[in-house]
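**Student:** Here it is, the structure, as structure tokens.
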Amino acid sequence: MAPRAPAGPPPVPGRESEERGRSLSFYVSVALFLVVVGAVLYMLASGLMHGSEARDFELAITPSGGSIAPGERINVEVRITLLRSGPSYFEYDLPVTLHAEEVPEGIYVTFNPTTDLPDPQFTARMLVAHAGAPPGTYSFKVHATGTDGRSLSLPFQLQVTGPGPNRTASR
């Protein structure tokens, strides 16, 4: 017969249930932590999948047209406004750049500022100046582009008045 190993100390009553309670508490804490992390990841993933709908801005021009004569210029307000359509962490928080397209020859257009964040909006001044265009009705586009590629454009109508370019009559 083999000798028996000495037995350990006798179990302390209640200690075993205390250890089980600690172990159970640890596992409940870990499970709760994982549920919270999972919920946050789900919210972020669903927002990213649907975030393109929530990230949006609007372009407005006031006034939408004007009239200038040789040597004149006009100041126009261009406003980019954030459209709130989703959770605040998916708002349009990217810079938007303004520029003019299809500007007729003899018309000069600049923006100040050219780029900014719509938080919740930014206003730029568009300067339209006469630079030698003959009298007539002109149109060009004011274009706003976000760094994510989202873009909007609105037309601007311009009436150039005054005498036409000086021409010598042939005899």
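The values are calculated or read from the model by the stated rules, or taken from the named source; none is laboratory data. Just so you know, these numbers come straight off a predicted model, no measurement behind them. Positions of Cβ are backbone-derived with ideal geometry, glycine not excepted, and every protein chain shown enters the neighbour counts.
**Student:** Take the residues in segment 106-121 that are within 18 Å of residue 151 (Cα to Cα) and of a type in the set (Ser, Thr, Tyr); name whichever of them is surrounded by the most Cβ atoms within 10 Å (Cβ to Cβ).
**Tutor:** 115
**Student:** Regarding segment 11-33, can at least one residue be identified that is modelled with pLDDT of 70 or more and touching a His at 6+ places or on another chain (Cβ under 8 Å)?
**Tutor:** no
**Student:** For segment 47-83, give me each residue that is outside any loop (DSSP other than H, G, I, E, B), more than 21 Å from residue 122 (Cβ to Cβ) and at pLDDT 90 or above.
**Tutor:** 65, 66, 67, 68, 73
**Student:** Then there's this: For the structure I just gave you, tell me whether residue 110 is more than 15 Å from residue 64 (Cα to Cα) and modelled with pLDDT of 95 or more.
**Tutor:** yes
**Student:** I need a count of the residues in segment 133-144 that are out of contact with any Pro (no Cβ under 8 Å at 6 or more places or on another chain), on the phi < 0 side of the Ramachandran plot and exposed (fewer than 13 other Cβ atoms within 10 Å of the Cβ).
**Tutor:** Residues that pass the stated criteria total 1.
**Student:** Where residues in segment 122-132 are hydrophobic (A, V, I, L, M, F, W, C) and modelled with pLDDT of 95 or more, which of them is surrounded by the fewest Cβ atoms within 10 Å (Cβ to Cβ)?
**Tutor:** Only one residue tops the list, namely 127.
**Student:** Let me ask something else about it. Name the single residue that is farthest from residue 104 (Cα to Cα) among those in segment 133-167 being touching a residue at least 40 places away in the same chain (Cβ under 8 Å) and not in a strand (DSSP E or B).
**Tutor:** Looking at the filtered set, the residue picked out is 148.
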